[in-house]
1. What does the C-alpha gyration tensor say about the overall shape of the stretch 32-71? Classify as rounded when a/c is under 1.5, otherwise prolate if a/b is larger than b/c, or oblate.
2. Against the 2.2 N^0.38 Å scaling, with N counting residues, where does the stretch 118-168 land? I'd like the Cα-based Rg ratio to two decimal places.
3. Among 1-13, 92-104, 50-62, how do they line up by average Cβ neighbours within 10 Å per residue, starting with the highest?
4. Pull out a ≥ b ≥ c, the square roots of the eigenvalues of the alpha-carbon gyration tensor of the chain, then state rounded if a/c is under 1.5, prolate if not and a/b is larger than b/c, and oblate in the remaining case.
5. Hey, if you drop one equal point scatterer on each alpha-carbon of the stretch 37-116 and run the Debye formula without solvent, what base-10 log of I(q)/I(0) do you get at q = 0.11, 0.15, 0.19 Å⁻¹?
6. Return the distance in nm (one decimal) between the two label points of a simple spin-label model at ASP50 and GLU84, each offset 7 Å from Cα along Cα→Cβ.
7. Determine the gain in length on full extension of the stretch MET1-THR143; use 0.36 nm per residue of separation and subtract their C-alpha separation, reporting nm with one decimal.
8. Do the sum for the chain: with -39,500 (n - 2.57) for every DSSP H run of n ≥ 4, divided by all residues, what is the mean residue ellipticity at 222 nm, to the nearest 500 deg cm²/dmol?
Amino acid sequence: MQRARGAHAGLLRDEPARLRLVQGAAERMPFEDGEFDAVISVEAAQHFPDFGAFAAETSRVLRPGGRVSVASFFTVDDVPGRPEELAKLLDTYANGLDIARPVNALADAFTTAGLTNVGVESIGAHVWPGWDLWLGRSWAPGTWPRNFLRAYEQRILDYYVITAGRPG
């Protein structure tokens, strides 16, 4: 929160009505029903312990006609053993920071929560090569962070955009 406040200090000072920073859990959003036209989540869903609760909260805080967009990485399928495969490749899966779940688990949770027009699009081909190039600035080949690209190339992990809407 301190980092966000520092990055946006000028806007918070000059136009405080335009930006509100709130800390909370994705599964228990501290907002009123129907408060938002959009919910956007970028590279956070791999940490959410309960997709059903996140989807229900998203549906609750969206106005009728509102949209949600989630961009993050997920397993490509629910083949048994995927979590163990990722744990061998990536420390964040081994230590529990990231949770290995298939992309369809979030898509299904949105549908169960009453959201419609659920879409799932793989964008890994546009993300992983650049991600690995960026990681290469700080991490040597063969170190665990460089295995994100390897997990993608082995068709274990991919990067997706999942969208849905609240009927209106």
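1. Judged from the Cα gyration tensor, the stretch 32-71 comes out oblate (a/c at least 1.5, b/c at or above a/b).
2. For the stretch 118-168, the normalised Cα radius of gyration comes out at 1.45.
3. 50-62, 92-104, 1-13
4. oblate
5. -0.31, -0.54, -0.80
6. The modelled label-to-label distance comes out at 2.9 nm.
7. That pair, MET1 and THR143, stretches by 48.1 nm at full extension.
8. Dividing the helical sum by the residues of the chain leaves -10000 deg cm²/dmol.
The values are calculated or read from the model by the stated rules, or taken from the named source; none is laboratory data. If you're wondering where the values come from, they're calculated on a predicted model, not measured in any experiment. As a convention, Cβ positions derive from the backbone with ideal geometry for all residues, glycine included, and neighbour counts pool all protein chains shown. Only protein heavy atoms, including side chains, enter the accessible area calculation; ligands, DNA and RNA are left aside. Shrake-Rupley method; radii C 1.70, N 1.55, O 1.52, S 1.80 Å.
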